[in-house]
Structures are given as structure tokens and as C-alpha cells.
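Written below as C-alpha cells is the structure these notes are about.
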Amino acid sequence: MPILSVHGLEKAFGGLHAVDGVSFEVAEGELLGLIGPNGSGKTTVLNMLSGVLDPDGGEVRLDGQPVAGLSADRLARRGMLRMFQLTRVFDRMPAFDNLLTSGLALGMDEAAATTRASELAEELRLEHVMHLDARQLSGGQRKLLEFGACFMVRPRVALLDEPFAAVHPTMKEVMAQFIRRRHAEGQTFLLVSHDMPVIVELCPRAICMNAGKVLAEGPTAQVLGDRQVIEAYLGGGDEDDD
Ligand SMILES: Nc1ncnc2c1ncn2[C@@H]1O[C@H](COP(=O)(O)OP(=O)(O)O)[C@@H](O)[C@H]1O
Ligand SMILES: [Mg+2]
């Protein structure tokens, strides 16, 4: 049984079908790439999977259980954890407490959350800024912090929306290494990124969306070489908003 299955997912904004009948499955332990030109509906898919938006139609199953339309809170407690394209951290709270808060919200006790937050800070090379308020961190450090917050409790599925966008290459490598290591340990990911070299390197399989639909799906190199995919990237006229 796939850990996550999506069938016929739909979302319209007024007359715009942002997500138009999207279906795919993610196997347990898979690191699946989700690519597509700007505006193709990737973030909207992640918003529905993580409970930020209610789908207009379609089915989402997590571990075989229907979860479409559950609140973000309930989905997070079931292990559907989400990192946003635009960083969301508590600005006026020390970085360390941001991690703690995330752990406590997910049901950890304080001792366990403290230990885990320290481990993550070290792994993400943020120890030296953990005492600072999140707003004092650089953009890349804030992204790493938000990234860490997703892993306070081991997610069933980690949904990452452009984690590498506007991040310094050194921090990008810290993040990529973290993803690689967790994937090797069996963590399941759905990774949205414009960064094709990283997608190729990290994701054995990818899905490409265009105009709300799945255009191609398969081994990442094959998807990137697909004629329709190339045309979608060339023809869209939309600029990357990274
Ligand atoms: N809240 C919203 N209200 C209206 N239109 C939206 C909203 N969110 C996204 N859209 C539109 O839906 C389409 C898909 O957007 P999005 O999912 O953000 O694409 P991607 O993440 O692939 O760049 C775009 O045309 C975007 O402008
Ligand atoms: Mg997006």
C-alpha cells in the first residue's frame, strides 16, 4: 500500500483550475520530486495535502485512510508535515524555542523536545544562532530553522515546497545532505523544487505538472527529457519567482 495516494485532486480559484484532476502515489520511503513551470499548481497541491486548502474534489489517502479536508493541525499530528515556500517561523521567539514549540505542538514532552531541538540545531549547523530571535537570522538560516521544525517528530510524509529557493549554496548543501541522510533512513518525501540539478541528484522519480495537470511521471531523468515537459518549460512564458 502506498503511504500517500492522491486521486483526481481538484482546486479552482474562480474560473482558474489551479489543480485539475491530479493523481499520483508515493511509496513508503520514496523521495518523489514534484516539478513544473511556475504557476502549474505544485504549491496548491501541497496546500491541499497539508490541510491549508480544502480540495474541491478528489481523494487523498494517508496510510490508506481518507484525509482530504482535514485541518492542517490534524494532518500534522498524523505525520503530514509541511515546509512552506515562504518561510513561516515565529519572528520574536528564539530560534531554539521555535523548534521546541513545533515539537510540543506535535505532542512531544519538553525533555524530548529539548534533546531533539539540540540534535537538529547541530545537524543543521545552527547551534551558534539558536539563542537569537528568529527575525535576527539570515533568510537561509530561517529556512533551515523551519526545515528543522518539520523534523522534530519524524514525519510520515515530509512535504517540502522550494526548500532551496534563495538559500546560500552552503546551506543548500546542508539541507540536501539532511534530506539524503533521512531518505537513506527510510523517510518519505515529496519535494517541490525548481532546482533541476538537485532534483535529479536527490529524486529517483519525479512528477511534472503543467497547468494543473500531471504532464509526465517516471524516472527523473526521463521526465526531464520528455518533449512535453521541455515544451511546458519553454512555452509557459512565466518567469521563475525564486
Ligand atoms: N489563493 C489563490 N487565489 C487565486 N489564485 C491562486 C491562489 N493560489 C494559487 N493561485 C493560482 O493558481 C495557479 C497555481 O499556483 P501554484 O499552485 O502556486 O503554482 P506553483 O506552485 O506550481 O508555482 C497559479 O495560476 C496561481 O496564480
Ligand atoms: Mg509554488
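Rule-based calculations on the coordinates, nothing more; no lab input. Keep in mind that what you see is a predicted model, and the values were worked out from it rather than measured. We place every Cβ from the backbone using ideal geometry, glycine too, and count neighbours over all the protein chains shown.
Computed from backbone phi, the HN-Hα couplings of the range 163-171 come to x, 8, 5, 6, 10, 3, x, 5, 6 Hz, rounded to whole numbers (Karplus: 6.51 cos²θ - 1.76 cosθ + 1.60, θ = phi - 60°; Gly and Pro given as x).
Applying 1/(1 + (r/R0)^6) with r as the Cβ-Cβ distance of LEU132 and ALA176 and R0 = 22 angstrom yields a FRET efficiency of 0.35. Taking the DSSP bridge list for the range 83-225 and keeping only pairs wholly inside it, about 55 percent are antiparallel.
Checked against a 19 Å cut-off, the cross-linked pairs LYS143/LYS172; LYS11/LYS213; LYS143/LYS213 give Cα-Cα distances beyond that limit for LYS143/LYS213. Computed from the C-beta positions of GLN222 and MET1 and an R0 of 25 Å, the FRET efficiency is 0.50 to the nearest 0.05. Where both bridge residues fall in the chain, DSSP classifies roughly 55% of the beta bridges as antiparallel. Positive end of the dipole of the chain, charges at C-beta (+1 Lys, Arg; -1 Asp, Glu), about the Cα centre: which of LEU9, VAL67, VAL19 has its Cα farthest in that direction? Positive-most Cα among the choices belongs to VAL67. With axes computed from alpha carbons, what is the tilt in degrees of helix 139-149 against the longest principal axis of the chain, rounded to the nearest 10 within 0 to 90? So the helix axis and the longest Cα principal axis differ by about 90 degrees.
Charged side chains reduced to their Cβ positions (Lys and Arg at +1, Asp and Glu at -1) give the chain a dipole of some 380 debye around its Cα centre.
Relative to the dominant Cα principal axis of the chain, helix 110-123 is inclined by about 70°. Per residue, the convex hull around the alpha carbon atoms of the range 73-146 comes to 89 Å³. Convex hull volume of the Cα atoms of the chain, normalised per residue: 121 Å³.
Averaged over residues, the count of other Cβ atoms within 10 Å places the peptides 127-140, 159-172 in the sequence 159-172, 127-140, highest first. Each of ARG154 and SER23 was given a label point 7 Å from its Cα along the Cα-to-Cβ line. The distance between the two points is 3.2 nm.
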